[in-house]
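Take a look at the structure below.
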Protein chains: 2
Amino acid sequence: MEQKSSKLLEKLRGLRREHKGLINLMPLQTGGMLTDAAREALAEFGDGYSVCDFCEGSLCNVTNPPIRDFVQELLPQFLGCEVATITHGAREAKFMVMHSLAKPGDSILVDGNRHYTTVVAAERVGLNIMEVPNSGHPEFQIDVDEYTAVIKQHAPKLILLTYPDGNYGNLPDARRLGEIAHEYSIPYIINGAYAVGRMPVSMDELGADFIIGSGHKSMASAGPAGVLGMKKKWEESVLRKSGKYSKKEIELLGCTIRGVPLITLMASFPYVRERVQHWDEQVSKAQWFSAELEKLGFVQLGENPHRHDLLHFDAPVLYEISKRVREKGYFLYKELKERGIWGPQPGLARSFKLSTFAADRQQLGFVIDSFKAILNKYS
Amino acid sequence: MEQKSSKLLEKLRGLRREHKGLINLMPLQTGGMLTDAAREALAEFGDGYSVCDFCEGSLCNVTNPPIRDFVQELLPQFLGCEVATITHGAREAKFMVMHSLAKPGDSILVDGNRHYTTVVAAERVGLNIMEVPNSGHPEFQIDVDEYTAVIKQHAPKLILLTYPDGNYGNLPDARRLGEIAHEYSIPYIINGAYAVGRMPVSMDELGADFIIGSGHKSMASAGPAGVLGMKKKWEESVLRKSGKYSKKEIELLGCTIRGVPLITLMASFPYVRERVQHWDEQVSKAQWFSAELEKLGFVQLGENPHRHDLLHFDAPVLYEISKRVREKGYFLYKELKERGIWGPQPGLARSFKLSTFAADRQQLGFVIDSFKAILNKYS
């Protein structure tokens, strides 16, 4: 027992990240890499509860550090919403909204490309989940007009659209769905975990009631951190106060990220606000990269031409190799890592996702050359 | 608009903590100050989603970094429980348990010294909250035998004890309440946010069903981070899996702290595990400090002699001063800060809380002398 514990404790000493410093193409991570400002903030506010030095009862009202200005002024402007708050992340924001506006047994209508946490959040509330299917291989598109028939037939309490989805990086017609939501008076949630902080997106312009973003996924923040924007009319429901503690919001359990991730989110925000203005360059970089990989025999799934940095490829040529090498699907991870590249989930070779968001064209050129070299090596 | 934004954005640059480097007596913070190992881990794992490099479907099952060993082996041993998991913090753990084991309209019985988040978590679930009152001024003790009558009359679904509470640092007879819980077969939650990581505490020895700890409050971790331990028999309820995603726990929404606070919790753990063995020294240090402040005319509330580093004082002498100085209650904060001491909530002088956990005897001697000097200055 004691000996086993000692061994396990030893593993906790000097924790290191194997992938630090590599060219990072991992979709979960490319939008969450910290800015230098956020790195400084990490060191400054690392200690537990260090954001609470001057708390007067509510995290989002703290003025030093300037959380209140960030949440009440900058975020609503950035999200195109009337009221914003801080959450532990996108999934927790989805749960908050669902838990506030629907009851067990109610229904929610979502897109077939939704993240798994949309389903789990709905399960936690006890909702029936209905889905508008995607168009299938190879584009997996969501036609938002298909929401209409289901709304007419089942009168769901909420609708949700994943914009873009995390599997294919597709951007469905969120604005059209806003019109539909308005027509049928159904609260409309946009899960923008891969949009907010990467590309310009405005809840108001899309006609949604809620917009959700992820700090660690797309806002150059440490995790866990999320943002939730909404129309003013939902504030009373979703941000309802405790009956006993008038400053405490029930769905936030008083305060959410009472720690350093919030500070990294804030420290990176000026940069993030600026970077979304350069989204066109991100899109053309992704399209160029995708076209180059297609020349190697890979097939890009999802919308083509693509409008997001998140790319999903079928790679039959790599799959053929994986069948005959000792490492099976891991050979791709290993070969890329040896070349200083980190991206596809270890073990996957037949089909994998990459994000071009954090790498520049020179690095991506090196990635393309590396894929070529790997194919040559095993041909 | 643009000019206002620019000003607000400017505030986000170079965020600094005013209290860094001061002698820290703030109860929320003294147990959450990072170890050097945790500081290194912060820098290494700061980027968003960096704990997820080798995810195979669930945060608590990640083997690199060794989260699985930490959660499945080290934590249960440390907490004296059979099954453990990671949460965003103590309040989120309370909500998880309540949400899993009780339904809207059910009742929960808690101690009158409970943290406000116990109430808010119960409100979020829709529970009726019943309280066993404390004994009032000056000791505010909870007599756990008073749970019995309420249990007999109202048959609550859950009982909860705050051990110790955050207002007075009282340690009620948790073991006796374990016997009562057992006798009436009611699931028993210990909120040990100020115990786990500071002092030895074992769920099993106290006869509880759940034990909750806070990383940022008492485990030398960045926030948000919490731990939840339970008896094996509750795993199926509280850690129930999604119907659609067999690896995903519904109450955790799949994964909780997918970021650097978990890594700081792990990096500090060997040190935290060791420090709880020196709890006797902490208690005698707190008692000595309290006795010295009582000599100055302050009145220590809560159990006396005290058995925890969290101390609450009535300070009529300081209150008298605050009534006649320009800064009102803020004079105390200002005077202490000028002397390099941070502790009482800014604005409070009549009654305030301090924790002796992070300061050594020499520093505390300086604090005592500082209080003397402040009293002299205004006498």
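The values are calculated or read from the model by the stated rules, or taken from the named source; none is laboratory data. Everything numeric here is computed off the predicted structure, so don't read it as measured data. Backbone-built Cβ (ideal geometry, glycine too); neighbour counts: all protein chains shown.
Apart from one condition, residue B:368 fits all of (1) under 24 Å from residue A:54 (Cα atoms); (2) of a type in the set (A, V, I, L, M, F, W, C); (3) within 14 Å of chain A (Cβ to nearest Cβ); the exception is (3).
Among the residues that make up segment A:102-112, is at least one of them within 24 Å of residue B:59 (Cβ to Cβ) and buried (at least 19 other Cβ atoms within 10 Å of the Cβ)? Among the residues of segment A:102-112, at least one is within 24 Å of residue B:59 (Cβ to Cβ) and buried (at least 19 other Cβ atoms within 10 Å of the Cβ), which makes the answer yes.
Of all the listed residues (A:274, A:281), the sole one being facing chain B (nearest Cβ under 10 Å) and surrounded by fewer than 24 Cβ atoms within 10 Å (Cβ to Cβ) is A:274. Considering B:193, B:181, the condition of being in contact (Cβ under 8 Å) with a residue 12 or more places away in the chain, farther than 29 Å from residue B:354 by Cα, touching a helix residue (DSSP H, G or I) at 6+ places or on another chain (Cβ under 9 Å) and crowded, with 23+ Cβ neighbours inside 10 Å is satisfied by B:181 alone. Do we find a residue being farther than 20 Å from residue A:220 by Cα, touching a residue at least 60 places away in the same chain (Cβ under 8 Å) and either of a type outside the set (Phe, Trp, Tyr) or in a strand (DSSP E or B) (or both) anywhere in segment B:1-9? Checked segment B:1-9: no residue is farther than 20 Å from residue A:220 by Cα, touching a residue at least 60 places away in the same chain (Cβ under 8 Å) and either of a type outside the set (Phe, Trp, Tyr) or in a strand (DSSP E or B) (or both).
Looking only at residues in segment B:63-82 that are surrounded by fewer than 23 Cβ atoms within 10 Å (Cβ to Cβ) and in a loop (DSSP other than H, G, I, E, B), the one that is nearest to the other protein chains (Cβ to nearest Cβ) is B:66. In segment A:22-36, how many residues are more than 7 Å from chain B (Cβ to nearest Cβ) and touching a residue at least 40 places away in the same chain (Cβ under 8 Å)? Qualifying residue count for the region: 9. When restricted to residues that are surrounded by 24 or more Cβ atoms within 10 Å (Cβ to Cβ) and over 16 Å from residue B:219 (Cα atoms), segment B:36-50 contains 6.
Inspect segment B:199-207 for any residue being on the phi > 0 side of the Ramachandran plot, surrounded by fewer than 23 Cβ atoms within 10 Å (Cβ to Cβ) and not hydroxyl-bearing (Ser, Thr, Tyr) and give the result as yes or no. Working first, answer last.
Residues of segment B:199-207 on the phi > 0 side of the Ramachandran plot: B:207.
This time we only want the ones that are surrounded by fewer than 23 Cβ atoms within 10 Å (Cβ to Cβ), so: B:207.
So of that shortlist, the ones also not hydroxyl-bearing (Ser, Thr, Tyr) come out as B:207.
Yes - at least one qualifying residue is present in segment B:199-207.
Only a single criterion out of (1) within 8 Å of chain A (Cβ to nearest Cβ); (2) within 25 Å of residue B:310 (Cβ to Cβ); (3) not hydroxyl-bearing (Ser, Thr, Tyr) is not satisfied by residue B:251, namely (2). Selection of segment B:314-345 for residues being on the phi > 0 side of the Ramachandran plot and either part of a helix (DSSP H, G or I) or over 26 Å from the mean Cα position of the chain (by Cα) (or both) yields only B:328. Of all residues in segment B:347-363, those being surrounded by fewer than 20 Cβ atoms within 10 Å (Cβ to Cβ) and of a type outside the set (Gly, Ala, Ser) number 6.
Of the residues making up segment B:196-238, those that are out of contact with any helix residue (DSSP H, G or I) (no Cβ under 7 Å at 6 or more places or on another chain) and hydrophobic (A, V, I, L, M, F, W, C) number 2.
Every test in (1) part of a strand (DSSP E or B); (2) under 30 Å from residue B:75 (Cα atoms); (3) out of contact with any helix residue (DSSP H, G or I) (no Cβ under 8 Å at 6 or more places or on another chain) is passed by residue B:311 save one, and that test is (3).
Within segment A:40-58, being more than 7 Å from chain B (Cβ to nearest Cβ) and modelled with pLDDT of 95 or more holds for one residue alone: A:40. With respect to the conditions (1) touching a Ser or Thr at 6+ places or on another chain (Cβ under 9 Å); (2) closer than 30 Å to residue B:41 by Cβ; (3) among the charged types (D, E, K, R), residue B:204 lacks only one, and its number is (1).
In segment A:190-306, counting only helices (runs of 4 or more DSSP H) that sit wholly within it, the ones holding 1 or more residues that are of a type in the set (Val, Ile, Thr) and modelled with pLDDT of 95 or more span A:235-238, A:260-275, A:279-295. On inspection, residue A:148 fails the criterion of being β-branched (Val, Ile, Thr), assigned to a helix (DSSP H, G or I) and within 22 Å of residue A:302 (Cα to Cα). The listed residues are B:96, B:33, and the only one of them that is touching an Asp or Glu at 6+ places or on another chain (Cβ under 8 Å), aliphatic (A, V, I, L, M), within 22 Å of residue B:222 (Cα to Cα) and buried (at least 24 other Cβ atoms within 10 Å of the Cβ) turns out to be B:96. Under the condition of being in a loop (DSSP other than H, G, I, E, B) and within 13 Å of chain B (Cβ to nearest Cβ), which residue from segment A:118-133 is surrounded by the most Cβ atoms within 10 Å (Cβ to Cβ)? The qualifying residue surrounded by the most Cβ atoms within 10 Å (Cβ to Cβ) is A:127.
Here is the figure for segment B:104-117: residues that are touching a residue at least 24 places away in the same chain (Cβ under 8 Å) and within 10 Å of another protein chain (Cβ to nearest Cβ) total 2. Considering B:194, B:168, the condition of being of a type in the set (Phe, Trp, Tyr) and out of contact with any Ser or Thr (no Cβ under 8 Å at 6 or more places or on another chain) is satisfied by B:168 alone.
Listed here are the residues, each with its yes/no results for (1) of a type in the set (A, V, I, L, M); (2) within 23 Å of the chain's Cα centre (by Cα); (3) under 24 Å from residue B:117 (Cβ atoms).
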| residue | (1), (2), (3) |
| --- | --- |
| B:158 | yes, yes, yes |
| B:164 | no, yes, yes |
| B:183 | no, no, no |
| B:196 | yes, yes, yes |
| B:199 | yes, yes, yes |
| B:210 | no, yes, yes |
| B:222 | yes, yes, yes |
| B:231 | no, yes, yes |
| B:241 | no, no, no |
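Of all positions in segment A:31-45, at least one carries a residue that is among the charged types (D, E, K, R), out of contact with any Gly (no Cβ under 6 Å at 6 or more places or on another chain), more than 20 Å from residue A:275 (Cβ to Cβ) and in a helix (DSSP H, G or I). Scanning segment A:94-101 turns up at least one residue that is part of a helix (DSSP H, G or I) and at the interface with another protein chain (Cβ under 7 Å from one of its Cβ atoms).
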